[in-house]
Each structure stands twice: as C-alpha cells, then as structure tokens.
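Have a look at the structure below, then the notes.
The values are calculated or read from the model by the stated rules, or taken from the named source; none is laboratory data. Every value quoted in this text rests on a predicted model; they were computed, and no experiment measured them. Neighbour counts are summed over all protein chains in view; Cβ atoms, including those assigned to glycine, are modelled from backbone coordinates with ideal geometry.
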Amino acid sequence: MQKRLIRKLDLEILLSQVGPIPSPKPSLEQYTIPADIAATMLYIATYTYDDVIDKTVLDLGCGTGRLALGAAFLGAKQVIGVDIDRTAVRTAFKNSGKTGLRNRVQWITADIDVIEGKVDTVLQNPPFGVQKRKADRKFLEKALEVSKRVYSLHKSPYRDKALIKKLKTSRTEIMSVSPSPFIKRFIQRNKGKIKVVYAMLMAIPHMFRFHMKEKHEFIVYLYVIERD
C-alpha cells in the first residue's frame, strides 16, 4: 500500500490517462470528472481526513474509473467501482490496465440499489440532476447507508460570478462555502452530518448536441459528510 506522500501533480498525471466513455449518454449525465477536480477531491480525502490509505473505498457511479483508480494509486486497501452502464465499466477496466492498476480495483456492473455491506469511505460524482431532477439523492442515500464517511460532488445551486472570479484567481483552487439548504436537509434526514463544503470550478468540454459552448464552466460543491 502507498505510504509515502504522493505529489498532487503526479496524481493528476495518472488521472489524465483515464479515457472517456466512447459514446456518453446524456440521460445518465456521463461527464467524466476532470482530472484536476478528481485529484483535489482525492487529495482532501487522503491527506486532510485520512479516509483513503489502508481503507476500503467505494466509488458509486464510477463511470470511467477516475476516483476509484486514484484511490487505488494513493494506497487504499480495497477499491470497488460500481456503475449501471456496461460500456462505462468496460472503459474503467481498460483504464485500470493503462494506469497499471488492473489488480487493484474490483469493477461491478449494477444499479447502486443492489450494493450492501459496509465500507470505510464512499467517493462519488453522482448525476447532477440536470436531466433527471434529484438524481443525486439516490446516491447520497446509498452512500450514507454503507459508509460513515462520504465525499460527494454536486452542482452549485447558484450562479455566483464573484465566487467564480475568486476561484480563478485563488492559489488553493478551493474555498469553503455554505451547503445548499436542500441537500443539507436531505443529508440530515438520512442521518448524515456535513463536516465541510468546498467550492471548486469545474470545466467540461462540448460533448452533446444541445451544448451551446465549446467549454462550460460552473461551480461544484464537494460535500464531506459523516454519518451520525
């Protein structure tokens, strides 16, 4: 297992090798999490809160496997990636070979509803609910059911131009913010407690016909949650 401190740059380089889904489905909101966002999320979970090294880690809705593979690279004891889309899981398996981590992650094609048991940590980049309203709630429910510590990425409910400007000029690339009132209440109803929320600036390229720009920038919130 990885015991030494991994440079964030080295983590980003590894994650940049993770290829996208060949034909992403808009209905599943299959946007591959950018390498810089994934690296920041993993770095916080690993080195700020000690929730990755020697831990059992579950990536719900793993897509092409960036979070799962990053956790394995950083020294997780066991990593499981779950996604309902067979093509995504096949892509994740190929990516595990490209990154030299083929034997470090177990991939499962299934709806997250079937997941049972307990893990130490859940990492997830769930659907933002743009195509299907409240699609992220199902992921939060399952994450809090199977783990005491959850790292979950959600689209900000606000278009805050001032915050976007601050994030673009900030050296840290993250800022602590207040949670969405709706998500906060949902987490509390599911016996969770928010430790902190970090705002980050995410950029996704033009992927679908309905996209109007070559690149779309928006704020995402990383929720660090623990179960009561």
Query raised in the report: What are the residue pairs meeting all of these: first residue in segment 157-168, first residue under 21 Å from I183 (Cα atoms), second residue exposed (fewer than 10 other Cβ atoms within 10 Å of the Cβ) and at pLDDT 85 or above, Cβ atoms under 9 Å, and 6 or more apart or on different chains?
Result: P157/P181
Query raised in the report: Does any residue of segment 95-103 turn out to be surrounded by 15 or more Cβ atoms within 10 Å (Cβ to Cβ) and small (G, A, S)?
Result: yes
Requested in this report: For segment 174-206, enumerate the residues that are without any contact (Cβ under 8 Å) to a residue 24 or more places away in the chain and part of a strand (DSSP E or B).
Outcome: S176, P205
**Report entry** Any chance A45 is in contact (Cβ under 8 Å) with a residue 60 or more places away in the chain, surrounded by 24 or more Cβ atoms within 10 Å (Cβ to Cβ) and more than 21 Å from L144 (Cα to Cα)
**Finding:** no
Report task. Looking only at segment 133-149, count how many residues are of a type outside the set (D, E, K, R) and under 22 Å from F218 (Cβ atoms). Result -> 3
Report task. Identify, by number, the condition in (1) part of a loop (DSSP other than H, G, I, E, B); (2) of a type outside the set (S, T, Y); (3) in contact (Cβ under 8 Å) with a residue 24 or more places away in the chain that R171 doesn't meet. Result -> (3)
Query raised in the report: In this structure, does A38 turn out to be in a helix (DSSP H, G or I), at pLDDT below 95 and buried (at least 18 other Cβ atoms within 10 Å of the Cβ)?
Result: no
Requested in this report: Report, ordered by the first and then the second residue, all pairs with beta carbons closer than 9 Å, sequence separation of six or more or different chains, a first member in segment 97-119 that is touching a residue at least 60 places away in the same chain (Cβ under 8 Å), and a second member that is small (G, A, S) and surrounded by fewer than 18 Cβ atoms within 10 Å (Cβ to Cβ).
Outcome: K98/G19
**Report entry** Single residue of R66, R90, R102 found to be under 16 Å from Q17 (Cα atoms), modelled with pLDDT under 95 and not hydroxyl-bearing (S, T, Y)
**Finding:** R102
**Report entry** Those residues of segment 158-171 which are surrounded by 10 or more Cβ atoms within 10 Å (Cβ to Cβ) and among the β-branched types (V, I, T), in sequence order
**Finding:** I164
Query - Top-ranked residue of segment 130-160 - restricted to ones that are modelled with pLDDT under 85 and charged (D, E, K, R), ranked as farthest from G63 (Cα to Cα) - result: D160
Query raised in the report: Quick check, is V79 part of a strand (DSSP E or B), hydrophobic (A, V, I, L, M, F, W, C), touching a Leu at 6+ places or on another chain (Cβ under 9 Å) and touching a residue at least 60 places away in the same chain (Cβ under 8 Å)?
Result: no
